[in-house]
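Visitor: Below is the structure I would like to discuss, written out as structure tokens.
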Amino acid sequence: MFSAIHPYSHTDHFFYRLGDSLETHVEKLPDLPGVFIIFTLAHGRINMVYVGATHVENRKKGIKAIGLKSHLNTIGIRRSYEDEWNARIATYDMDALDVYWYVTMDNKGKNDLPGFVKANVLHEFFDVHGCLPAWQESF
């Protein structure tokens, strides 16, 4: 896969199929900052199409790190992802999406900003393919 995500052992994935409830999948995620990578599964092929990251915000009392669960479970974001993912699965006749997630900041020694890790994954992808992943509109 990508060397940028090898240091992270708190990781897992879920399959999202047409009509699934993203809320059901998100309930199993930790509420720690990190990145998620989406792969399409269609006609026996696997393609990486998107890299997302949670946010870290400056606050008067220090930083506030948004966790994977909170980010993906925010109603507006969840509905947006569900609508987009369902539309793409149906339009392109995909079997499913495989969503991998990686915790990049925790209280056990990992302290990498999710945006930094996202940038490194995208850089590695760009080095190999000469473009951004298909669903990555910008970076």
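Computed from the coordinates by the stated procedures, all read-outs in this text should not be read as laboratory data. Remember, predicted model here, so these are calculated numbers, not experimental data. Positions of Cβ are backbone-derived with ideal geometry, glycine not excepted, and every protein chain shown enters the neighbour counts.
Visitor: Given the -39500 (n - 2.57) contribution per DSSP H run of 4+ residues, what per-residue ellipticity at 222 nm results for the chain, rounded to the nearest 500 deg cm²/dmol?
Guide: Here the helix-only value at 222 nm equals -9500 deg cm²/dmol.
Visitor: Something else: I'm spelling it out carefully: the read-out is Cα Rg over 2.2 N^0.38 Å, the candidates are (1) 1.04; (2) 1.92; (3) 1.15, and one was derived from this structure. Which label?
Guide: Entry (1).
Visitor: Here's something else I'd like to know. Mind checking the full-extension length gain between THR74 and PHE116? Use 0.36 nm per residue of separation minus the Cα-Cα distance, one decimal, nm.
Guide: Fully extending the segment from THR74 to PHE116 adds 12.9 nm.
Visitor: Let me ask something else. Restricting attention to the range 19-80, which trypsin sites (Lys or Arg not before Pro) occupy a DSSP loop and are surrounded by at most 15 other Cβ atoms within 10 Å?
Guide: The qualifying sites are LYS28, LYS60, LYS61.
Visitor: A further question on this structure: With angles folded into 0 to 90 degrees, how steeply does helix 75-91 sit against the dominant principal axis of the chain? Use alpha carbons for both and round to 10.
Guide: That works out to roughly 30 degrees.
Visitor: On a C-alpha basis, how far is the centre of the range 1-51 from the centre of the range 55-70 in Å? Whole number, if you could?
Guide: One Cα centre to the other: 21 Å.
Visitor: Which order do PHE116, PHE39 fall in if you start with the one that has the fewest other Cβ atoms within 10 Å? Present the calculation step by step, with values, prior to reporting the outcome.
Guide: Working: PHE116 14, PHE39 18.
Final ranking by Cβ density, sparse to dense: PHE116, PHE39.
Visitor: Taking loop as defined by DSSP and a crowding limit of 10 other beta carbons within 10 Å, which GluC sites (Glu not before Pro) in the range 70-139 fit?
Guide: In loop regions of the range 70-139 (DSSP not H, G, I, E or B), the sparsely surrounded GluC sites (Glu not before Pro) are GLU137.
Visitor: Now for a separate question. Taking the Cα-to-Cβ direction at GLU27 and at ASP12 and moving 7 Å from each Cα, how far apart do the two end points lie in nm?
Guide: Taking the simple label geometry, GLU27 and ASP12 are separated by 1.3 nm.
Visitor: Further, regarding this structure: Identify all aspartates and glutamates with a Cα-Cα distance to LYS110 below 20 Å; exclude those on the same chain that are fewer than 8 residues away in sequence.
Guide: ASP12, ASP31, GLU57
Visitor: Okay, moving on. Taking θ = phi - 60°, what integer Hz values does the Karplus form 6.51 cos²θ - 1.76 cosθ + 1.60 yield along the range 122-139, in sequence order, with x for Gly and Pro?
Guide: So the Karplus estimates, Gly and Pro as x, are 5, 5, 4, 4, 4, 4, 7, 9, x, 7, 7, x, 4, 8, 7, 5, 7, 7 Hz.
Visitor: A follow-up question, please. To the nearest 20 debye, what charge dipole does the range 8-129 have about its Cα centre, counting +1 at the Cβ of each Lys and Arg and -1 at the Cβ of each Asp and Glu?
Guide: Result for the range 8-129 is approximately 580 debye, rounded to the nearest 20.
Visitor: Fewest first, what order do VAL99, VAL35 take by the number of other Cβ atoms within 10 Å?
Guide: Taking fewest neighbouring Cβ atoms as first place, the list is VAL99, VAL35.
Visitor: Here's another thing I want to ask about it. Which of the peptides 17-23, 117-123 is most tightly packed, and how do the rest follow, judged by the mean count of other Cβ atoms within 10 Å per residue?
Guide: Taking the mean over residues of other Cβ atoms within 10 Å, the ranking is 117-123, 17-23.
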